[in-house]
Every structure is written in structure tokens, then in C-alpha cells.
């Protein structure tokens, strides 16, 4: 007799999104000091400085944004983010979509694994030549 583990999440609140295959990002919308009527969007891992940046992140992570359980809070269900550092020569040879700026890192290359619901961001390692 072998016991089998089965994932269950009864009555998910967000349609098809469960923690089995998706990642939940809790994002708080806060007023920005400048300019007037602007907002920043914060998560424990990142800060976005406009609604346009937030929408871009939703697209890159193949996610969906929901209103949270209180005003000013959003729930983003999306692919999991992974960060990897590569030496410059390897980064340059990597075949992937290039973004000049992403979440404060410049530049990055992005690969998406749709089967594993993962987006991997590659950044260059800080290397200094020693001669």
C-alpha cells in the first residue's frame, strides 16, 4: 500500500488560479509624493512607479490582476519569477527576449517556461577583469 499525495484547494477565490501552479503576489498601491495624483505599487520583492509598469509586469508574467480584500490592495496571480546571473560573455550569447530595463535591473534577458509557469530573468554578473 502506497499513500498518494493529492493537491486540493477547495473553492479557489480567483478562478483557475491556485498555488499549485501559479504564484500569488500581493501588491499595495500607495500615494506617491511626486507628482500629484501618482501612485507606487509595492510588493515585498519589488516597487513599480506607475500603473503602466504594473500592467507591463502583468503581461510579462502572463498573469491576471484582481482587486484585493481591502482598498489599495491588488492580488496578482502569475508565473513565478526566477533571477539568474550570468557572466557577460554567456549573457551576450543567450537567445532570449532582451529588455533594457526591468525592476531596477538594466539590461535583462527573459525566458518563459509555459509548462512550468516560470519566467526567468537573466542579468549580467558584476565582473571585473584582473590583469
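The values are calculated or read from the model by the stated rules, or taken from the named source; none is laboratory data. As the structure is a computational prediction, the values presented were derived from the model and not from experiment. Note that we place each Cβ from the backbone using ideal geometry, even for glycine, and neighbour counts take in every protein chain shown.
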Practice task
Among what's in the stretch 31-46 and is at pLDDT 90 or above and not in a loop (DSSP other than H, G, I, E, B), pick the residue that is surrounded by the fewest Cβ atoms within 10 Å (Cβ to Cβ).
Solution key: 42
Completion exercise
Taking the stretch 52-71 and keeping only residues that are surrounded by fewer than 13 Cβ atoms within 10 Å (Cβ to Cβ) and either in contact with a strand residue (DSSP E or B) (Cβ under 7 Å, 6 or more places away or on another chain) or within 18 Å of residue 114 (Cα to Cα) (or both), one is left with 59, 67
Practice task
Could you please tell me which pairs satisfy a Cβ distance under 7 Å, a separation of 6+ or placement on different chains, a first residue in the stretch 51-66 that is free of Cβ contacts under 8 Å to residues at least 60 places away in the same chain, and a second residue that is part of a loop (DSSP other than H, G, I, E, B) and surrounded by fewer than 15 Cβ atoms within 10 Å (Cβ to Cβ)?
Solution key: 66/14
Fill in the blank from the handout: From the option list 40, 75, 27, single residue qualifying as more than 21 Å from residue 124 (Cβ to Cβ) and in contact with a helix residue (DSSP H, G or I) (Cβ under 8 Å, 6 or more places away or on another chain) is 27
Exercise for the section: Go through the stretch 68-88 and count every residue that is assigned to a strand (DSSP E or B) and free of Cβ contacts under 8 Å to residues at least 40 places away in the same chain. Expected result: 3
